[in-house]
Amino acid sequence: NTDFDCKYQFQPAIRVDEYGGINVLYYDSRNTITPDSLEMYISRSTDGGESFMDFLVSDHKFKNTSPGFLFEREDYLGSYIGITSGNNKLYPYWFDNSTGSYQAWTNIISLDSIPPQIFHHKFLNTGNLSGSYEIECNVRKGSSASDPAEVKLYWSRNNDAITDSIMMQKVNENYTAQIPGNDTESFYKYYIKATDSLGISVASPEHAPLDLYSCLLYTSPSPRD
């Protein structure tokens with residue numbers, strides 16, 4: 001498959017843990033440039049499958065070396081994948097070739113350390129240079145049963161480095177904050193960070209502040225946004 005705009009999730013392994021949580025481990029290309037490079041994710045539901053939160057399991061990327069995108073047995077990818085639970089932990093395992101040969105990997109996940117999850121649609125040009133610009137997100141709870149202790153917006157104007165921050169306020173089910181304008185065409189960068197009552201943090205984009213959202217504010221919106 002040469003359609004690099006596609007993102008793939010496949011070869012799931014499922015475990016219902018001792019608390020009734022549904023945990024699905026799978027290969028995922030959402031964060032990779034080409035769809036044949038992969039990471040491991042778990043999607044977890046604590047409401048019987050009505051909703052799921054995703055979190056990254058592997059700490060490295062690896063590349064499928066099969067002749068095509070349909071993974072073949074001789075490469076082991078998908079042949080050995082599973083997940084179990086116990087002692088308030090999840091135990092996923094999988095095969096990948098990140099060392100040059102296929103090996104078994106695992107990463108023990110404590111159910112007390114699952115981060116919250118941020119849902120955010122990137123801000124686009126409004127054509128209004130004076131501002132202000134509303135940044136909005138929804139935060140789903142992780143291990144903590146309470147709302148996030150802190151949701152914060154970090155931003156900068158015409159600067160590669162983040163220079164400012166503001167606390168986001170909860171309005172109904174979402175969190176919101178305003179970036180001020182300055183009446184001139186400007187380039188903005190920003191990210192969002194949420195920290196729950198257990199001190200567990202997560203950012204959007206996922207790898208911020210190395211990766212940031214960006215938007216050029218100018219007077220005439222056009223397809224270049």
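The values are calculated or read from the model by the stated rules, or taken from the named source; none is laboratory data. What you see is a predicted model, and the numbers here were worked out from it, not measured in a lab. All Cβ positions, even for glycine, are placed from backbone atoms using ideal geometry, and neighbour counts span all protein chains on display. Just so you know, the surface numbers come from the protein's heavy atoms only, side chains and all, with ligands and any DNA or RNA stripped out. Shrake-Rupley method; radii C 1.70, N 1.55, O 1.52, S 1.80 Å.
Numerical summary
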{"quantity": "Within the stretch 162-181, tally of residues that are touching a Ser or Thr at 6+ places or on another chain (Cβ under 8 Å) and among the β-branched types (Val, Ile, Thr)", "calculated": "3"}
{"quantity": "Considering residues of the stretch 46-63 that are over 16 Å from the mean Cα position of the chain (by Cα) and either of a type outside the set (D, E, K, R) or at pLDDT 90 or above (or both) only, the residue surrounded by the most Cβ atoms within 10 Å (Cβ to Cβ)", "calculated": "Phe62"}
{"quantity": "Every pair of residues 6+ apart whose Cβ atoms lie under 9 Å, when the first sits in the stretch 23-34 and is of a type in the set (Val, Ile, Thr) while the second is open to solvent by less than 10 Å² (accessible area, probe 1.4 Å)", "calculated": "Val24/Tyr41; Val24/Ile42; Val24/Ser45; Thr32/Leu38; Thr32/Glu39"}
{"quantity": "Among residues of the stretch 1-31, those that are of a type in the set (Phe, Trp, Tyr) and modelled with pLDDT under 90, counted", "calculated": "4"}
{"quantity": "Residues being in a strand (DSSP E or B) and surrounded by fewer than 16 Cβ atoms within 10 Å (Cβ to Cβ) - total across the stretch 18-45", "calculated": "1"}
{"quantity": "Strands (runs of 3 or more DSSP E) wholly inside the stretch 150-225 that include at least 2 residues being buried (at least 19 other Cβ atoms within 10 Å of the Cβ) and within 18 Å of the chain's Cα centre (by Cα)", "calculated": "150-157, 186-195, 201-204"}
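Table: residues versus (1) in contact with a Lys or Arg (Cβ under 6 Å, 6 or more places away or on another chain); (2) over 12 Å from Lys152 (Cβ atoms); (3) aliphatic (A, V, I, L, M).
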residue	(1), (2), (3)
Met167	yes, no, yes
Ile179	no, yes, yes
Thr184	no, yes, no
Phe187	no, yes, no
Tyr190	no, no, no
Leu198	no, yes, yes
Ser204	no, no, no
His207	no, yes, no
Leu212	yes, yes, yes
